[in-house]
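> First the structure, then my questions, so here it is.
The values are calculated or read from the model by the stated rules, or taken from the named source; none is laboratory data. Being a predicted model, the structure only gives us computed values, none of them experimental. Backbone-built Cβ (ideal geometry, glycine too); neighbour counts: all protein chains shown.
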Amino acid sequence: MTVYTTRRGARNYGLAIGILQLDCSLPFIPGDVDNASTYAYPVLYRVVPGLSTAACLAGAPDLAKAAVETARALEAQGVRALSSDCGFMLQFQDEVRRAVKIPVALSSLLQLPMMAGTIAAERPIAILTADSNNLTEAFLARAGLKVPNRLVIRGLQDQPEFKTAVFDEKGSIDAAKIEAEVVGVVKEIQQAHLDLGGILLECSMLPPYAAAVQEASGVPVYDFITMMNQLHAATHQRRYVGSY
């Protein structure tokens with residue numbers, strides 16, 4: 001029989017992925033990174049103190065230490081991998097991965113090279129982001145995310161329901177309205193780029209609409225959940241049993 005030993009400092013066991021959170025207050029619906037029912041495995045959340053949505057989007061190098069401390073605290077609880085609830089936490093990726101011993105994928109944007117590797121270089125990739133004023137190709141290049149494909153970056157900061165729900169934190173979210181806003185932006189992109197190769201949803205609040213985006217576009221759609229599911233699969237391999 002297997003012998004189990006105490007993990008110093010751990011209060012829970014069997015946790016799969018630790019998630020660094022923004023310091024904000026929003027309604028997180030099923031499918032959202034911050035809704036635990038999104039996953040088929042247990043996750044553990046911890047807020048990065050002081051890291052508001054606005055601070056993260058604008059860039060917060062002074063909070064890198066807080067992100068590292070949060071990551072270490074999650075690691076101490078036994079999670080096997082780390083992620084986050086904001087694609088702009090890409091800015092902390094290097095510091096955090098150097099500070100812990102488990103896999104780290106803080107941003108859905110890390111999937112960009114894999115996406116580019118699956119399609120012809122001539123086909124553009126669309127990135128839907130919370131704020132296109134801050135998500136630029138220069139921002140991606142600083143993180144080493146440079147691909148041969150043309151990037152079509154579109155933000156949702158001017159979409160009425162998304163803006164008031166996410167940036168203004170009005171306290172409610174009309175999922176049907178946001179889905180319509182997201183799908184509308186995708187249709188505009190595809191009308192201008194008929195050879196679109198794939199779509200990457202940067203924002204952690206967009207996975208609930210990924211199916212609608214794929215239905216409207218007919219192309220592969222990547223988001224935080226596709227990345228985290230891959231992290232989980234890689235860190236929780238299973239034995240196969242079946243007929244032969």
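> If you take the residues of the stretch 21-39 that are of a type in the set (Val, Ile, Thr) and closer than 21 Å to GLY155 by Cα, which of them is surrounded by the fewest Cβ atoms within 10 Å (Cβ to Cβ)?
Ranking the candidates gives ILE29 first.
> Quick check on the stretch 6-22: of everything there that is farther than 15 Å from GLN93 by Cα and of a type in the set (S, T, N, Q), which residue is nearest to the chain's Cα centre (by Cα)?
ASN12
> Could you tell me whether PRO42 is modelled with pLDDT of 95 or more, surrounded by fewer than 12 Cβ atoms within 10 Å (Cβ to Cβ) and on the phi < 0 side of the Ramachandran plot?
no
> For the stretch 18-39, state whether one or more residues are in contact with a Leu (Cβ under 9 Å, 6 or more places away or on another chain), modelled with pLDDT under 95 and not assigned by TED's automatic domain parsing to the domain that holds ILE173.
The answer is yes, given that some residue of the stretch 18-39 is in contact with a Leu (Cβ under 9 Å, 6 or more places away or on another chain), modelled with pLDDT under 95 and not assigned by TED's automatic domain parsing to the domain that holds ILE173.
> Suppose the filter is without any contact (Cβ under 8 Å) to a residue 60 or more places away in the chain and surrounded by 15 or more Cβ atoms within 10 Å (Cβ to Cβ); does SER217 pass it?
yes
> When you check ALA76 against the structure, is it farther than 23 Å from GLU179 by Cα, of a type in the set (Gly, Ala, Ser) and free of Cβ contacts under 8 Å to residues at least 60 places away in the same chain, yes or no?
For ALA76, the condition - farther than 23 Å from GLU179 by Cα, of a type in the set (Gly, Ala, Ser) and free of Cβ contacts under 8 Å to residues at least 60 places away in the same chain - is not met.
> Can you pull out the residues in the stretch 57-71 that are hydrophobic (A, V, I, L, M, F, W, C) and at pLDDT below 95?
LEU57, ALA58, ALA60
> Within the stretch 9-54, count every residue that is more than 13 Å from MET205 (Cβ to Cβ) and acidic (Asp, Glu).
Residues flagged as more than 13 Å from MET205 (Cβ to Cβ) and acidic (Asp, Glu) within the stretch 9-54 amount to 1.
> Oh, and also: So which pairs qualify, if the first residue must be in the stretch 134-149 and closer than 16 Å to MET115 by Cα, the second must be in a loop (DSSP other than H, G, I, E, B) and of a type in the set (Gly, Ala, Ser), the Cβ gap must be under 7 Å, and the two must be at least 6 apart or on different chains?
The qualifying pairs are PRO148/ALA121; ASN149/ALA121; ASN149/GLY197.
> From (1) touching an Asp or Glu at 6+ places or on another chain (Cβ under 7 Å); (2) closer than 15 Å to GLN111 by Cβ, pick out the condition that doesn't hold for GLN230.
Here GLN230 meets the rest and fails (1).
> Another question about this same structure. Would you check if there is a residue in the stretch 202-214 being farther than 25 Å from LEU140 by Cβ, modelled with pLDDT of 95 or more, part of a helix (DSSP H, G or I) and not assigned by TED's automatic domain parsing to the domain that holds TYR41?
Yes, the stretch 202-214 contains a residue that is farther than 25 Å from LEU140 by Cβ, modelled with pLDDT of 95 or more, part of a helix (DSSP H, G or I) and not assigned by TED's automatic domain parsing to the domain that holds TYR41.
> A follow-up question, please. Give just the number: which of (1) over 25 Å from LEU206 (Cβ atoms); (2) buried (at least 16 other Cβ atoms within 10 Å of the Cβ); (3) hydroxyl-bearing (Ser, Thr, Tyr) does THR6 not satisfy?
Tallying (1) over 25 Å from LEU206 (Cβ atoms); (2) buried (at least 16 other Cβ atoms within 10 Å of the Cβ); (3) hydroxyl-bearing (Ser, Thr, Tyr), THR6 fails exactly one: (2).
> Hey, another quick one. Return the residues of the stretch 143-164 that are hydrophobic (A, V, I, L, M, F, W, C) and part of a loop (DSSP other than H, G, I, E, B); say none if nothing qualifies.
Across the stretch 143-164, the qualifying residues are ALA143, LEU145, VAL147, LEU156.
> Counting only residues that are of a type in the set (D, E, K, R) and touching a Leu at 6+ places or on another chain (Cβ under 8 Å), which one in the stretch 86-138 is surrounded by the fewest Cβ atoms within 10 Å (Cβ to Cβ)?
GLU137
> Also: Between a residue in the stretch 220-243 that is under 22 Å from TYR209 (Cβ atoms) and any residue that is hydroxyl-bearing (Ser, Thr, Tyr) and surrounded by fewer than 18 Cβ atoms within 10 Å (Cβ to Cβ), which pairs come within a Cβ distance under 7 Å, given they are 6 or more apart or on different chains?
From residues that are under 22 Å from TYR209 (Cβ atoms), the pairs are HIS232/TYR41.
> Is it the case that the stretch 45-66 has a residue that's crowded, with 18+ Cβ neighbours inside 10 Å, small (Gly, Ala, Ser) and without any contact (Cβ under 8 Å) to a residue 60 or more places away in the chain?
Yes: the stretch 45-66 contains one or more residues that are crowded, with 18+ Cβ neighbours inside 10 Å, small (Gly, Ala, Ser) and without any contact (Cβ under 8 Å) to a residue 60 or more places away in the chain.
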